[in-house]
Amino acid sequence: MKTINLLCLCLFVGFFASCNQDDDRSSETAKFAVPVIKSLETLRNSISVTSAQETNSDGKIYIAENLLFYIAQESGIHIFDNSNPANPQNMAFINLEGVHDIAVKGNYLYADNFVDLVVFDISNINNIEVVRVAENVISFYPTYPNEAEFYAYDVYPSEGEIMVGFKIETRQRPSEEYANWADDALASFENASGGSVGTGGSYAKFQINNNALYTVDSYNLNVFNITNPTETYFDKTVNMNEWLGGGLFETLFKQKEFLFIGSTNGMYVVNALDEFNPYFVSSFAHATACDPVVVDGYKAYITVRGGSNCGSIEDQVNVIDITTIENPTLISTYLLTQPFGLGVKNNVLYVCADGNLNVFDAANSAELILQNTYNDQVKDVIALDTHLIAVGTNKIIQYNYGENHTLEVISTVNF
């Protein structure tokens, strides 16, 4: 994933603006990535709760007791009463423009809003309230568009504003000198930078451990103190020499006292027995690739996807032995086209790949056996004790577990 350090960008703006005012420009055109800038005050004032809404945004899923959440990326949070999975009821919508992930503990929901952490009281779904906004405690970098040939240095945030994304504009192609400097600058930016707890999918970046909330951004594990939800505050960023210079952090999974961080160059294991002082334990490395991870017992399962921004490694599923947590070792590899999210329950592995939901017999870790494939266009799953929940773009599918590794659809929500 390409990300841009906003502070560095601002430092370079003046240079490029002055260097290129008098350059001769070609009559040819090129695609420019133009930053989309928004006011923090406007973003904060726009938080609201309404009745059920439709969405046109890619999403993640999260389960907390009888509530099912669809986290519509950079749009808001759809809340369902899932007491009856065969007939989930769309109850409410939290308008939160900068949301990417959530976590729930007891009556409180924690969500990011670009650079803020927002805490909601959800004890009454008909009267959801914001009880805390911790400002400027989340790192956010918009994804740089692959199709852009140049970056528009003439657009940048002022004080009280942030960059929330990019739009593509066709502009006059700049001079060769500008192009060379721009390439060098972008390269340097990319290399620098009490109640029950709910369950997220394999792409979750939030996890709760007792009175700590953990989040991951590209290079850091961040710790928040949620002992008193209405006074939630940022506690610390955990910097560990062992992962400096490694890949970008992508996902966060928790089992017992351990955190498993999926990154573009492997899996990191962190001991979080002392929730406010987690420390590095071990890692498992692979070539650069996109990499969510889930854990069940003494086995970790990683989908490793190459191509696009993810790297050049061959697409695969890795099974890792974590019996000795200080020394994760590879047990087996299964090649699978374009794998995304995954889940595991009772020695059955569910992997979303190339639009399909694949069901594997994982009883023998050394040899995954594909049992069934469902062409349901989903990208992530949560394997509950009772049933399986999968998410695709603007849809949620819930399945009953059947005999012989089969799945039976019990409900589908289309937005």
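The values are calculated or read from the model by the stated rules, or taken from the named source; none is laboratory data. As the structure is a computational prediction, the values presented were derived from the model and not from experiment. Heads up, the Cβs are rebuilt from the backbone with ideal geometry, glycines too, and the neighbour counts pull from every protein chain shown. With ligands, DNA and RNA removed, areas are computed over all heavy atoms of the protein, side chains included. Shrake-Rupley method; radii C 1.70, N 1.55, O 1.52, S 1.80 Å.
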Mind checking which residues of the range 89-119 are aromatic (Phe, Trp, Tyr) and more than 15 Å from the chain's Cα centre (by Cα)?
93, 108
Of all residues making up the range 354-364, the number that are in contact with a Ser or Thr (Cβ under 6 Å, 6 or more places away or on another chain) and open to solvent by less than 70 Å² (accessible area, probe 1.4 Å)
2
Residues that are within 22 Å of residue 73 (Cβ to Cβ) and of a type in the set (A, V, I, L, M, F, W, C): list the strands (runs of 3 or more DSSP E) wholly contained in the range 351-415 that include at least 1 such residues.
356-361, 380-383, 388-392, 395-401, 407-414
Residue that is modelled with pLDDT of 90 or more, under 15 Å from the mean Cα position of the chain (by Cα) and farther than 17 Å from residue 141 by Cα, where the choices are 253, 234, 224:
253
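Go through the range 99-120 and give me each residue that's farther than 19 Å from residue 61 by Cα and open to solvent by 10 Å² or more (accessible area, probe 1.4 Å).
Across the range 99-120, the qualifying residue is only 115.
Among the residues of the range 27-59, how many are assigned to a strand (DSSP E or B), under 12 Å from residue 78 (Cα atoms) and open to solvent by 40 Å² or more (accessible area, probe 1.4 Å)?
The total comes to 2.
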When residues of the range 121-133 are filtered for being crowded, with 18+ Cβ neighbours inside 10 Å and under 18 Å from residue 212 (Cα atoms), how many remain?
1
So residue 136 clears everything in (1) crowded, with 17+ Cβ neighbours inside 10 Å; (2) under 20 Å from the mean Cα position of the chain (by Cα); (3) not basic (Lys, Arg) except one condition, right? Which one?
(1)
Among the residues that make up the range 371-378, is at least one of them open to solvent by 10 Å² or more (accessible area, probe 1.4 Å), in contact with an Asp or Glu (Cβ under 9 Å, 6 or more places away or on another chain) and more than 21 Å from residue 291 (Cβ to Cβ)?
yes
Candidate set: the range 58-80, residues that are among the acidic types (Asp, Glu) and over 16 Å from residue 108 (Cα atoms); chosen: the one modelled with the highest pLDDT
74
